[in-house]
Amino acid sequence: MKFGSSGVRGLASELVGRPSGLYTEGFARRLRSTGFQQGKVFVGRDLRDSSPAIAEDCMAALAAAGFQPVDCGPIPTPALAFYARLHGGAALMVTGSHIPADRNGIKFYGPKGEIDKADEAAITHHVAELSDQYPWPPAPADWQTAHEQARVAFRDRVGGILPPGALSGMRLGVYQHSTVAAALLVEVLRSCGADVIPLGKTETFVPVDTEAVSPETMAKMKAWVREFKFDAVLSADADADRPLVIDDKGELFRGDLIGLATALFLKADIVVTPVTSNSGISEAFGFNVRRTKVGSPFVIAGMEGAQSARGTVVGFEANGGVLLGSDCLVNGRVLSALPTRDSFLPILAVLGTAASTGKSLSGLRESWNLPVCASERLENFPVEASRGLMRKLADRDALRQFLAPFGTVTDVDETDGLRARMSSGEIIHLRPSGNAPEFRCYAEAASHDRATKIVAMALERARDSTVSDEREAIE
């Protein structure tokens, strides 16, 4: 287990029990060292099979550490973070987000919001320090529950983003699968006047990666759009901090475009987004753009650095999660800052923008005339294999040879991984996942087919290169 771009993650079998307690104790010690003494810590979880047990372990460890755990049950991460922020408490979310069902993770929030890299380092230090002496299990304890209260508070927040009836005339599908957003998303969209049809509810956990949607899921979405004549199909990942939006043509409305729509909807002055977001998102849209590494801690740090400037600060990632870095006025109400990824605000922003302009979602995207992006990943790609490949490609000659089938490399950005611009203007970005055994590729090109082809070819070359290196090592 280790920290990645979003919490600590590992195999569920390695997290249940003492390890969950150990990381929670490390978190508790970090909270105390930063001045948060014996307050409430709100605990939520997603719907994967291992999450209830891990949440129980975390709450038991919090109680043993002298804090007051509050069980918020299965709830969207942004709802948990918002409720904790309302009450000046810390929070802990048990979720593996988009990763497979046999894995899980824990996200941590201090009273000011999502923890940063310094917090992660401190927690990791405490875990290493305690690893041989942390007692388990702790003494039995009781704790409060606040699932419905937290849900209602978040419902009130998102319910005021659009005026009543703003989505009247829209026919929307909600792909429910196993996301904790399923029921609440249907409820919120219906309250805005949309005709909503829930679809695809599952009892077994389904990992949905909004940055690399599987062909099977896309085929399902296209079929639903055709069958029901939807204006859009909406969904989210397991813990609902990343939105999934499918347009009226059954095509993916990519996460960075969701973020762009949200920034325009909120009339943002400053936008903070990773280098993986569409390169066409620039000052031409009327806001200042600041690029970061991939991961919400980096986006949050970028937003904090922008708060000295006056105006509305919005952050978003290529996976679609939107972070609100400042209070702003929306629909005549103040929408308070929520510097953690949220799927509800961006979904409502995209739909509200389309409805208010009279454009379809596909028409909205076409009006921006941005480069076309695609992304995909190699799953179950060993971390060491990823590191070895990146070390190899750090040599410019090796990178040029690797990318030779795509043309000539003219520039390389090393902010996060290797982002190569080709003489054709196309972009190929290679990077290991920060929190899972996966290797990712992002591409920009003039057409969807070309961008998709680049990603597929690059990942195939990555796999072949790694296999070749392993054979050489054996020989």
Review point. Restricted to the range 210-238, and to residues that are assigned to a loop (DSSP other than H, G, I, E, B), of a type in the set (D, E, K, R) and more than 17 Å from residue 316 (Cβ to Cβ), which residue is farthest from the chain's Cα centre (by Cα)?
Key: 229
**Study point:** Residues that are outside any helix (DSSP H, G or I) and surrounded by 14 or more Cβ atoms within 10 Å (Cβ to Cβ), drawn from the range 403-417
**Key:** 403, 407, 409, 412, 413, 415, 416, 417
Exercise for review: Give the residue that is surrounded by the fewest Cβ atoms within 10 Å (Cβ to Cβ), with candidates limited to residues of the range 239-251 that are outside any loop (DSSP other than H, G, I, E, B) and within 16 Å of the chain's Cα centre (by Cα).
Suggested key: 245
Review point. Could you list, in sequence order, the residues of the range 10-44 that are without any contact (Cβ under 8 Å) to a residue 40 or more places away in the chain and either surrounded by fewer than 16 Cβ atoms within 10 Å (Cβ to Cβ) or not assigned by TED's automatic domain parsing to the domain that holds residue 61 (or both)?
Key: 14, 32, 35, 37, 38
Study note, to complete from the structure: Counted residues in the range 418-430 being under 22 Å from the mean Cα position of the chain (by Cα) and either modelled with pLDDT under 95 or surrounded by fewer than 22 Cβ atoms within 10 Å (Cβ to Cβ) (or both) come to 2
**Study point:** Positions within the range 318-361 being acidic (Asp, Glu) and touching a Pro at 6+ places or on another chain (Cβ under 6 Å), in sequence order
**Key:** 342
Check your understanding: Is at least one residue of the range 6-16 within 21 Å of residue 304 (Cα to Cα) and at pLDDT below 95?
Key -> yes
Point to revise | Residue match in the range 10-28 (condition: in a loop (DSSP other than H, G, I, E, B) and either within 12 Å of residue 109 (Cα to Cα) or more than 21 Å from the chain's Cα centre (by Cα) (or both)) | key: yes
Revision key, fill the gap. Across (1) surrounded by 24 or more Cβ atoms within 10 Å (Cβ to Cβ); (2) without any contact (Cβ under 8 Å) to a residue 60 or more places away in the chain; (3) in the same structural domain as residue 357 (by TED's automatic domain parsing), residue 164 clears everything bar (1)
Practice item. May I ask you to list the residues in the range 361-390 that are among the charged types (D, E, K, R) and touching an Asp or Glu at 6+ places or on another chain (Cβ under 8 Å)? Key: 365, 377, 379
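Given the range 254-366, what helices (runs of 4 or more DSSP H) lie entirely inside it while holding 1 or more residues that are modelled with pLDDT of 95 or more and surrounded by fewer than 21 Cβ atoms within 10 Å (Cβ to Cβ)?
255-265, 344-357
Quickly run through the range 25-37 and pick out the residues that are touching a strand residue (DSSP E or B) at 6+ places or on another chain (Cβ under 7 Å) and of a type in the set (S, T, N, Q).
Answer for the range 25-37, where residues must be touching a strand residue (DSSP E or B) at 6+ places or on another chain (Cβ under 7 Å) and of a type in the set (S, T, N, Q): just 34.
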Check your understanding: If we keep just the residues of the range 367-400 that are over 24 Å from residue 434 (Cα atoms) and assigned to a loop (DSSP other than H, G, I, E, B), which is farthest from the chain's Cα centre (by Cα)?
Key -> 369
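Please go through the range 46-58 and give me each residue that is buried (at least 24 other Cβ atoms within 10 Å of the Cβ) and either over 18 Å from residue 28 (Cβ atoms) or of a type in the set (A, V, I, L, M) (or both), ordered by number.
So the first thing to find is which residues in the range 46-58 are buried (at least 24 other Cβ atoms within 10 Å of the Cβ), and the list is 46, 48, 51, 54-55, 57-58.
Within the range 46-58, 46, 48, 51, 54, 55 qualify.
Regarding residue 173, is this residue at pLDDT 95 or above and assigned to a loop (DSSP other than H, G, I, E, B)? Walk me through it before giving the result.
Working: at pLDDT 95 or above: yes; assigned to a loop (DSSP other than H, G, I, E, B): no.
No.
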Point to revise | Residue in the range 280-288 that is closer than 26 Å to residue 417 by Cα, without any contact (Cβ under 8 Å) to a residue 12 or more places away in the chain and more than 15 Å from the chain's Cα centre (by Cα) present | key: yes
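The values are calculated or read from the model by the stated rules, or taken from the named source; none is laboratory data. Worth saying up front: this structure is predicted, and the values here are computed from it rather than measured. As a convention, Cβ positions derive from the backbone with ideal geometry for all residues, glycine included, and neighbour counts pool all protein chains shown.
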